[in-house]
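To start, the structure under review is shown below, and the notes come after it.
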């Protein structure tokens, strides 16, 4: 097998399969990571084999294909591989709750405080029709909460992601069924890795 055949690897999870219980079950995590995330990585490698995209970083593939409809399959799999790798960094066991450090100060200053952040972030995730993501991003240096549909990602639009929550059904349905708002509440209260967000700043 030549080097171009495996351009991208599935990154290891930063926690154990059982570490997010009961917020996210081991069953959901195993399915989400080993089936969905792995599937995007595997599909991407097949799609870019022997193309000009082989060997490029995910971010560069995403930016090169974002405005190319004929490369939608490459974009979707690259963006989903990137989004998922980022999502795993955004969560940790015994996380969540009010942040500290620079992000706490900036949420107070730019988003009206933690309570307002929670309401806006939950609303972005709950009102994303169908599959997608809710994000806390930097837009020209200012905090902003946005949502993206399907595989779309802020890095395709020149924004800097700080935090994301996956609202595709595979992220929560086994544990929460159709109660997406309950999943979002649990995510915010128990999973957010604010240390990672501060590092991103």
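Would you check which residues across the range 5-40 are within 25 Å of residue 52 (Cβ to Cβ) and touching a residue at least 12 places away in the same chain (Cβ under 8 Å) and list them?
Keep residues of the range 5-40 that are within 25 Å of residue 52 (Cβ to Cβ), which gives 5-11, 37-40.
Answer for the range 5-40, where residues must be within 25 Å of residue 52 (Cβ to Cβ) and touching a residue at least 12 places away in the same chain (Cβ under 8 Å): 5, 6, 7, 8, 9, 10, 11, 37, 38, 40.
Going by what's in this entry, would residue 64 be described as in contact with a helix residue (DSSP H, G or I) (Cβ under 9 Å, 6 or more places away or on another chain) and assigned to a helix (DSSP H, G or I)? Steps first, please.
Values: in contact with a helix residue (DSSP H, G or I) (Cβ under 9 Å, 6 or more places away or on another chain): yes; assigned to a helix (DSSP H, G or I): yes.
Answer is yes for this residue.
Is there a residue being free of Cβ contacts under 8 Å to residues at least 24 places away in the same chain, at positive phi and either part of a helix (DSSP H, G or I) or not assigned by TED's automatic domain parsing to the domain that holds residue 29 (or both) anywhere in the range 86-108? Within the range 86-108, none of the residues are free of Cβ contacts under 8 Å to residues at least 24 places away in the same chain, at positive phi and either part of a helix (DSSP H, G or I) or not assigned by TED's automatic domain parsing to the domain that holds residue 29 (or both).
Being farther than 18 Å from residue 155 by Cα and either outside any helix (DSSP H, G or I) or in contact with a strand residue (DSSP E or B) (Cβ under 9 Å, 6 or more places away or on another chain) (or both) holds for only one residue in 29, 56, 10, and it is 10. Of the residues making up the range 121-143, those that are in contact (Cβ under 8 Å) with a residue 12 or more places away in the chain, assigned to a helix (DSSP H, G or I) and surrounded by fewer than 17 Cβ atoms within 10 Å (Cβ to Cβ) are 126, 127. When the range 87-115 is examined, which residues are found to be in contact with a strand residue (DSSP E or B) (Cβ under 6 Å, 6 or more places away or on another chain) and within 16 Å of residue 134 (Cβ to Cβ)? The answer is 87, 90, 96, 111.
Being under 16 Å from residue 85 (Cα atoms), at pLDDT 95 or above, not assigned by TED's automatic domain parsing to the domain that holds residue 76 and not in a strand (DSSP E or B) is a property that residue 187 lacks. Based on this model, can you work out whether residue 151 counts as in a loop (DSSP other than H, G, I, E, B), out of contact with any strand residue (DSSP E or B) (no Cβ under 7 Å at 6 or more places or on another chain) and surrounded by 14 or more Cβ atoms within 10 Å (Cβ to Cβ)? Yes; evaluated as a whole, the condition is true for this residue. Going through (1) closer than 23 Å to residue 22 by Cα; (2) modelled with pLDDT of 95 or more; (3) surrounded by fewer than 15 Cβ atoms within 10 Å (Cβ to Cβ) one by one, residue 178 falls short only on (2).
If you scan the range 159-175, which residues turn out to be farther than 17 Å from residue 129 by Cβ and at pLDDT 95 or above?
Taking the range 159-175 as the starting set, the residues that turn out to be farther than 17 Å from residue 129 by Cβ are 159-164, 174-175.
Matches in the range 159-175: 159, 160, 161, 162, 163, 164.
Scanning the range 174-196 for residues that are within 18 Å of residue 32 (Cα to Cα), without any contact (Cβ under 8 Å) to a residue 60 or more places away in the chain and within 18 Å of the chain's Cα centre (by Cα) turns up 180, 183.
Scan the range 182-201 for residues that are under 15 Å from residue 132 (Cβ atoms) and in contact with a helix residue (DSSP H, G or I) (Cβ under 7 Å, 6 or more places away or on another chain) and report the count. So that I can check it myself, show each step before the final result.
To start, the set of residues in the range 182-201 that are under 15 Å from residue 132 (Cβ atoms) comprises 183-184, 187.
Next cut, in contact with a helix residue (DSSP H, G or I) (Cβ under 7 Å, 6 or more places away or on another chain) only: 183-184.
Number satisfying all stated conditions: 2.
The values are calculated or read from the model by the stated rules, or taken from the named source; none is laboratory data. Everything numeric here is computed off the predicted structure, so don't read it as measured data. In this analysis, Cβ positions are derived from the backbone assuming ideal geometry, glycine residues included, and neighbour counts consider all displayed protein chains.
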